[in-house]
């Protein structure tokens, strides 16, 4: 055996153990590369349809990018300065749309966090017809914003709408301007949005409720905790990650409202319900000033990023 090893060494052959080590190292490198191979299709799509458009949008925002002109000169931060300069032609319209978006988000978000939670708590109980009610509350969410907007535009019409007719039938005022005057326009937009999307958040809450161990509720009952105390000390802590997800996504979705305002109130009265996304679309596609539109988009994205970071930090502080 020693003679065989000496002959192999004289010919320059690697010892058997070294060969196995090299094969094992190659296998380990292959295992380490496997996750990246599975992620590669998503990374390619993200780079092509996510990161690249974002970077291109930032680049456009640094230019006077008018679709009607052949030249697109570099203006640096000029488009951003126009958004903060009171002498700019777009200053008033921009901040009016920010205010409208803030009003809608401020009133819609709490309702879209609390109302679905109440529904989820009810639908998590055992009672006849529970499956039907779960489907009924979720059903509006499957409809597109165009269907929802046109449907409620007719239902809320001050003269011909079914809502005012029903109110008049029960002796209540039947001439409420639901879509043409404030604060009724905001009541309509917030109410329709809550009716339309609360089913989705309720389903998310239901999934979280079913992950809370039943033993925790039994232990709380044994300790004499009433319903409110069980909700406060068992349900809410168990739903903390779900609450963070629902709150963050609801804020982002509410801030990006467009279709409801465009179809139901059509910006009325005046332009008081014209939101940021609507303003961005008008600036880029109606006025053909894509540079300013891109600057609005980037600034608005930064605002939402700040809100999201603050939200995560607040939840982390509560956990600590």
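The values are calculated or read from the model by the stated rules, or taken from the named source; none is laboratory data. Because the structure is predicted, anything quoted here is derived from the model rather than measured. Ideal geometry is used to build each Cβ from the backbone, glycine not excepted, and the neighbour counts take in all protein chains shown.
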Of all the residues that make up the range 68-100, how many are surrounded by fewer than 14 Cβ atoms within 10 Å (Cβ to Cβ) and in contact with a strand residue (DSSP E or B) (Cβ under 8 Å, 6 or more places away or on another chain)? 2
What's the number of the condition residue 225 fails, among (1) assigned to a loop (DSSP other than H, G, I, E, B); (2) free of Cβ contacts under 8 Å to residues at least 24 places away in the same chain; (3) under 18 Å from residue 103 (Cα atoms)? (3)
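Taking residue 292, is it more than 15 Å from the chain's Cα centre (by Cα) and loosely packed, with under 15 Cβ neighbours inside 10 Å?
Values: more than 15 Å from the chain's Cα centre (by Cα): yes; loosely packed, with under 15 Cβ neighbours inside 10 Å: no.
No, not satisfied.
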Out of 262, 245, I need the residue that is touching a residue at least 60 places away in the same chain (Cβ under 8 Å) and either touching a helix residue (DSSP H, G or I) at 6+ places or on another chain (Cβ under 9 Å) or surrounded by 14 or more Cβ atoms within 10 Å (Cβ to Cβ) (or both). Which one? 262
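Can you tell me which residue within the range 135-161, out of those that are free of Cβ contacts under 8 Å to residues at least 24 places away in the same chain and part of a helix (DSSP H, G or I), is farthest from residue 180 (Cα to Cα)? Steps first, answer last, please.
At the first step, the residues of the range 135-161 found to be free of Cβ contacts under 8 Å to residues at least 24 places away in the same chain are 135-136, 142, 144, 147, 151, 154-155, 157-161.
From what's left, part of a helix (DSSP H, G or I): 135-136, 142, 147, 151, 154-155.
Numbers: 135: 33, 136: 30, 142: 27, 147: 20, 151: 16, 154: 13, 155: 13 Å.
Within the range 135-161, the match that is farthest from residue 180 (Cα to Cα) is 135.
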Looking at the range 35-72, which of its residues are assigned to a loop (DSSP other than H, G, I, E, B) and modelled with pLDDT of 95 or more? 62
Residue identified as under 26 Å from residue 271 (Cβ atoms), in contact with a helix residue (DSSP H, G or I) (Cβ under 9 Å, 6 or more places away or on another chain) and not assigned by TED's automatic domain parsing to the domain that holds residue 181 among 77, 43, 83: 83
Residue set 212, 251; condition more than 17 Å from residue 96 (Cα to Cα), modelled with pLDDT of 90 or more and not in a helix (DSSP H, G or I); output residue 212
Could you tell me whether any residue of the range 195-208 is free of Cβ contacts under 8 Å to residues at least 12 places away in the same chain and either assigned by TED's automatic domain parsing to the domain that holds residue 120 or surrounded by fewer than 17 Cβ atoms within 10 Å (Cβ to Cβ) (or both)? no
